[in-house]
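The structure appears right after this line, and notes come after that.
Values in this text are rule-based calculations from the coordinates and carry no lab data. Only a predicted model underlies this, so the values are computations on that prediction, with no experimental measurement involved. Glycine also receives a Cβ, built like all others from the backbone with ideal geometry; neighbour counts cover every protein chain displayed.
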Amino acid sequence: MASCATDSTIDVAIWLLDRASAEDSYLQPQKLQRLLYLAQGYYAREYYGRKLMPATFIVHDMGPVEPTVFRLFEAGRPQIGFVAPPAEVKTFLEIVWRRFGGHTVDRLNALIGGQALYRETSSRGQGEEIPFDEMAAAFASKDDAAETVRTPDGRAVKKWMPSRSVRRNAP
């Protein structure tokens, strides 16, 4: 397996917290966890299965959680040193932030909860590890969390697009 793009999941978490702070926004712990999960999955998708960070996500009653970051950040941002991610990673994280940073925790939970991998893993119980290779495959498929829109009760909804005849007749 290829090495990780960053040395520490903590540095990615701190980058996300700093990014939110730059917009005078508070990044809730649950939202931080969802953004870390999405960043890991989409990085694997964009970089052919490579890990963004050395993270292990587990099923938790509130959604996927990276337990080390969860424990370390549960009382707020820890007073530890920060190593800025490489430029390539910063650019990628900025894309993740622009795509998902404005979503509510509920919206992010719905996106992730709609993912077949998360539903299957969570059916095995709390604390179950979400295998990275399965995560990478799930995000690489067309049925990933951000591509499938689901209702609150889990039904998949197709995005409506006007037919060609409607588009041709438009003013």
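Neighbours of residue 85 by Cβ distance under 12 Å: Lys/Arg scored +1, Asp/Glu scored -1, total -3. Other residues with beta-carbon under 12 Å from the beta-carbon of residue 122 carry, at +1 per Lys or Arg and -1 per Asp or Glu, a net charge of -2.
Within segment 50-64, find all residues whose amide N lies under 18 Å from a label point positioned 7 Å from the Cα of residue 104 along Cα-to-beta-carbon. Zone members listed by number: 62-63. If you plug the beta carbon distance of residue 62 and residue 25 into 1/(1 + (r/R0)^6) with R0 = 25 Å, you get a FRET efficiency near 0.80.
Give the peptides 6-17, 22-33 in descending order of average Cβ contacts within 10 Å, highest first.
On the way: 6-17: 21.2, 22-33: 15.4.
In decreasing order of mean packing, 6-17, 22-33 become 6-17, 22-33.
The translational diffusion coefficient of segment 1-145, from Stokes-Einstein at 4 °C and 1.567 mPa s with a Kirkwood hydrodynamic radius over alpha carbon pairs, comes to 85 µm²/s.
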